[in-house]
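Accompanying notes for the structure given below.
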Amino acid sequence: MQLQFATDWAVRVLLYLAAKGSRTSSTELSAKLGINKNSLLTIGRHMKKAGLVHVEVGPFGGYALAISPEAITIYDVMVAFDNILKLSAIENITDESALVADGFYHEVEDAMTQMLKSKTIADLLSERTA
């Protein structure tokens, strides 16, 4: 299981913005994080639509967090990029013995969802300094 490229970068951009604490240009984000500028712009649009960042255009523009890092969970970021946490891709199984796997998968999905909802951008930053 792996995060989508855009989701992984979005978390990293949010971490950078939270650590910096001020508006940051796309040029700086691209250079500091090593992300392609076009990819960054696409990811930025998704984050703006989700209400995670403010985006100002122009020579003095850039990205800034729209809400506090304590209010942004990793789950929020995943939802913003349409990541649905689902382990099994198989549907419409009717055999009772094969259905046992679904119960286990749901337990794992629920545990991961709870963990993702419990971790914020601020939490991750504080772990960096711990």
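With the highest mean first, a sort of the peptides 31-43, 102-114, 11-23 on other beta-carbon atoms found within 10 angstrom per residue produces 11-23, 31-43, 102-114. Its DSSP H runs of at least 4 residues, each contributing -39,500 (n - 2.57), put the calculated 222 nm mean residue ellipticity of the chain at -18500 deg cm²/dmol, to the nearest 500. Computed over the chain, relative contact order equals 29 percent, with contacts defined as Cα pairs under 8 Å that lie 6+ residues apart. Stokes-Einstein diffusion for region 5-129 at 20 °C, viscosity 1.002 mPa s, with a Kirkwood radius from C-alpha pairs, works out to 134 µm²/s. The distance separating the Cα centre of region 8-34 from that of region 54-130 comes to 19 Å.
Extending 7 Å from Cα along the Cβ direction at Glu70 and again at Ser22 yields two label points whose distance is 2.3 nm. Among the DSSP helices (H) of the chain, those spanning at least 20 angstrom by Cα along their long axis with an average Kyte-Doolittle hydropathy of -0.5 or more are 5-20, 96-118; this is a geometric and hydropathy rule only.
Every number in this text was worked out from the coordinates using simple rules, so none of it is lab data. These figures come from a predicted structure and were not determined experimentally. Reconstructed Cβ throughout: ideal geometry from the backbone, glycine too, with neighbour counts over all protein chains shown.
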